[in-house]
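Scroll down for the structure; my scribbles are underneath it.
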Amino acid sequence: MDDDQTPWLTAEQEEAWRSLMAAILLLPGALDAQLQRDADVTHAGYVVMSALSETPDRAIRMSRLAQMASMSMSRLSHLVDRLEQRGWVERQPAPGDRRSTMAVLTEAGWDKVVATAPGHADNVKTLIFEDLTPAQTRQLKKIFDTIVPKLDPERRLLGCAPAEKPKQ
């Protein structure tokens, strides 16, 4: 394909792409910094514990949790090791399946999620929504509702279903 046939982005698409890339690259660090500073937990750790807090019995198979958090099993296993050391998560055999392991949020882990959630929500509001109008927020949702199914057609990732606030 020569230069005349290359499907380049339009100028408007390129500007939007660069803005999206900046957000993709900067947002994880900003979320992680607040969580580590205020709650002594990494963003990845909070994602995993938050996911567990929203499941029945606060437990889920490790393989499913890896899919939901978009992590390799190896990365998730190392993360769960660290969360176990802090007393926030424990591993248990899966009922009826000796080959599978469940990750289970402990009471201390639940307390950590409940204590951490307000600061995290405030940070998300500040970083993402504070300067958007309600119409822009709705448009942002529509945009991602169009993009995400192409990237995750089976809707395995966290955030694809509405999250519930932790119940006390």
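Among the numbered criteria (1) of a type outside the set (Val, Ile, Thr); (2) surrounded by 15 or more Cβ atoms within 10 Å (Cβ to Cβ); (3) modelled with pLDDT of 95 or more, which single criterion is violated by residue 131?
Against the list (1) of a type outside the set (Val, Ile, Thr); (2) surrounded by 15 or more Cβ atoms within 10 Å (Cβ to Cβ); (3) modelled with pLDDT of 95 or more, residue 131 comes up short only on (2).
Scan the range 45-53 and give yes if some residue there is touching a His at 6+ places or on another chain (Cβ under 7 Å) and modelled with pLDDT of 95 or more, otherwise no.
Among the residues of the range 45-53, at least one is touching a His at 6+ places or on another chain (Cβ under 7 Å) and modelled with pLDDT of 95 or more, which makes the answer yes.
Pairs please, first residue from the range 136-157 and closer than 23 Å to residue 69 by Cβ, second anywhere and of a type in the set (A, V, I, L, M, F, W, C) and part of a helix (DSSP H, G or I), Cβ atoms under 7 Å, 6+ apart in sequence or on different chains.
156/68; 157/68
Cβ-Cβ distance below 7 Å, separation of 6 or more or different chains: which pairs start in the range 109-129 with a residue that is within 24 Å of residue 84 (Cα to Cα) and end on one that is basic (Lys, Arg)?
That search, which allows pairs on different chains as well, returns 110/58.
The values are calculated or read from the model by the stated rules, or taken from the named source; none is laboratory data. As the structure is a prediction and not an experimental result, all values here were calculated from the model. Cβ coordinates were reconstructed from backbone atoms using ideal geometry, including for glycine residues, and neighbour counts include every protein chain displayed.
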